[in-house]
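All remarks here apply to the structure that follows.
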Amino acid sequence: MTQLSAAQKPGQSSAPTPDSSKALYGGKSNRRITVRDLTAAKERGEKWPMLTAYDAMTASVFDESGIPVMLVGDSMGNCHLGYDTTVPVTLDEMTLLAAAVVRGTRRALIVGDLTFGSYQEGPVQALRSATRLVKEAGVGAVKLEGGERSHEQIKLIVDAGIPVMGHIGLTPQSVNTMGYRVQGRGEEAAQQLLRDAKAVQDAGAFAVVLELVPEELAAEVTRILHIPTVGIGAGVECDAQVLVWTDMMGLTPGRMPRFVKQYADLRGVMGDAARAFAEDVVGGAFPAAEHAVH
Ligand code: KIV
């Protein structure tokens with residue numbers, strides 16, 4: 001018979017309480033998060049946050065804030081490099097910025113996106129691109145878009161020892177054929193999404209992004225898969241949530257999609273600071289005596 005601890009009442013479960021020191025967010029470990037930690041979090045039922053990052057300094061802020069996973073997303077095309085879509089982003093650009101994010105962080109798992117054109121030719125091209133991101137940028141995992149159509153690419157990369165995050169639902173690299181529309185609506189589309197989710201898992205991916213997928217369907221995928229689902233516009237039942245950092249911090253101009261929650265107004269703060277500096281310079285208030293060097 002097991003002994004009850006002092007605080008435990010008769011009839012209470014003796015199941016061990018989750019070890020909060022292992023939590024992905026709020027955990028105490030200083031080492032880099034690995035994909036095994038994400039698998040364990042799904043088993044514990046622990047949700048986790050992921051943010052995009054494109055430079056060392058911003059990434060260091062998120063790392064110090066305890067964000068356990070950062071995605072160097074090809075959303076850098078729209079959010080950092082001034083392109084209209086993610087399509088023009090090159091593997092050279094991705095490698096450069098992913099390396100900066102890795103250098104700016106100590107704890108987060110850094111996932112680098114395989115850019116459009118760097119894996120569609122087939123598994124060998126995909127492995128070559130993934131290997132480059134691991135060797136030259138130092139990322140701990142790569143992400144690529146597509147379910148059934150990317151099964152062979154994911155499998156070869158995983159077989160080579162590189163963890164892969166899948167990405168299904170809305171896949172922005174296919175904007176020219178797909179547009180920016182909710183995916184998985186209607187019976188046929190829902191069945192395709194389920195097949196895509198299983199294809200990604202069967203190929204060996206450690207997690208899968210579900211982008212712009214109806215909440216109930218995302219919940220079903222999350223129940224069926226043993227790997228974590230990372231939702232963006234896919235409802236609350238996903239195991240993790242990702243947002244593009246410039247969207248959630250209020251830096252991206254214009255109207256945001258409904259699924260974005262804005263946590264700050266960086267565009268306002270930075271604009272006010274830039275105008276205050278300009279007025280100080282024009283009016284002669286900056287530099288003041290305390291800023292002068294003698
Ligand atoms: O590139 C990106 O930021 C992404 C996320 C939206 C998941 O793929």
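Only helices (runs of 4 or more DSSP H) whose full extent lies in region 101-178 are considered here, and the ones with at least 2 residues that are open to solvent by 10 Å² or more (accessible area, probe 1.4 Å), modelled with pLDDT under 95 and within 16 Å of the ligand (Cβ to nearest atom) are 175-178. Within region 63-81, restricting attention to residues that are of a type in the set (Gly, Ala, Ser) and assigned to a loop (DSSP other than H, G, I, E, B), the residue that is surrounded by the fewest Cβ atoms within 10 Å (Cβ to Cβ) is SER65.
When region 184-213 is limited to residues that are free of Cβ contacts under 8 Å to residues at least 60 places away in the same chain, assigned to a loop (DSSP other than H, G, I, E, B) and within 19 Å of the chain's Cα centre (by Cα), the one that is farthest from ILE110 (Cα to Cα) turns out to be VAL213. Checking SER29, SER14, SER65, SER21 one by one, the residue that is on the phi < 0 side of the Ramachandran plot and either in contact with a strand residue (DSSP E or B) (Cβ under 7 Å, 6 or more places away or on another chain) or at pLDDT 95 or above (or both) is SER65 and no other.
Of all residues in region 63-93, those satisfying the criterion of being within 10 Å of the ligand (Cβ to nearest atom) and among the hydrophobic types (A, V, I, L, M, F, W, C) are LEU71, VAL72, MET76, CYS79, VAL89. Among the residues of region 224-232, none qualifies, meaning not one is within 24 Å of ILE162 (Cβ to Cβ), assigned to a strand (DSSP E or B) and either at pLDDT below 95 or among the acidic types (Asp, Glu) (or both). Residues that are charged (D, E, K, R) and in contact (Cβ under 8 Å) with a residue 40 or more places away in the chain were ranked within region 17-45; the one that is most open to solvent (accessible area, probe 1.4 Å) is ARG31. Among the residues of region 198-214, which ones are under 16 Å from ILE232 (Cβ atoms) and within 16 Å of the ligand (Cβ to nearest atom)? The answer is VAL200, ALA207, VAL208, VAL209, LEU210, GLU211, LEU212, VAL213.
In region 179-206, how many are at pLDDT 95 or above and at positive phi? Selection size over region 179-206: 1.
Among the residues making up region 87-100, those that are assigned to a loop (DSSP other than H, G, I, E, B) and open to solvent by 10 Å² or more (accessible area, probe 1.4 Å) are VAL87, PRO88, THR90.
Does ALA190 satisfy the criteria of being small (Gly, Ala, Ser), more than 16 Å from the ligand (Cβ to nearest atom), open to solvent by less than 50 Å² (accessible area, probe 1.4 Å) and over 20 Å from THR90 (Cα atoms)? Criteria met by ALA190. For region 52-62: of the residues being crowded, with 24+ Cβ neighbours inside 10 Å and of a type outside the set (Phe, Trp, Tyr), which is nearest to the ligand (Cβ to nearest atom)? So, considering only residues that are crowded, with 24+ Cβ neighbours inside 10 Å and of a type outside the set (Phe, Trp, Tyr), the one nearest to the ligand (Cβ to nearest atom) is THR52. Count of region 246-256 residues, restricted to those that are under 19 Å from the mean Cα position of the chain (by Cα) and open to solvent by 30 Å² or more (accessible area, probe 1.4 Å), is 4.
Of the listed requirements (1) open to solvent by less than 20 Å² (accessible area, probe 1.4 Å); (2) out of contact with any helix residue (DSSP H, G or I) (no Cβ under 7 Å at 6 or more places or on another chain); (3) not basic (Lys, Arg), PHE259 misses just one: (1).
Sort out which residues of region 215-238 are within 14 Å of the ligand (Cβ to nearest atom) and open to solvent by 10 Å² or more (accessible area, probe 1.4 Å), and write them in order of number. Residues satisfying the conditions are ILE232, GLY233. Selection of region 117-141 for residues being more than 17 Å from the chain's Cα centre (by Cα) and among the hydrophobic types (A, V, I, L, M, F, W, C) yields VAL124, ALA126, LEU127.
The values are calculated or read from the model by the stated rules, or taken from the named source; none is laboratory data. Worth saying up front: this structure is predicted, and the values here are computed from it rather than measured. Positions of Cβ are backbone-derived with ideal geometry, glycine not excepted, and every protein chain shown enters the neighbour counts. For accessibility, only protein heavy atoms count, side chains too; no ligands or nucleic acids. Shrake-Rupley method; radii C 1.70, N 1.55, O 1.52, S 1.80 Å.
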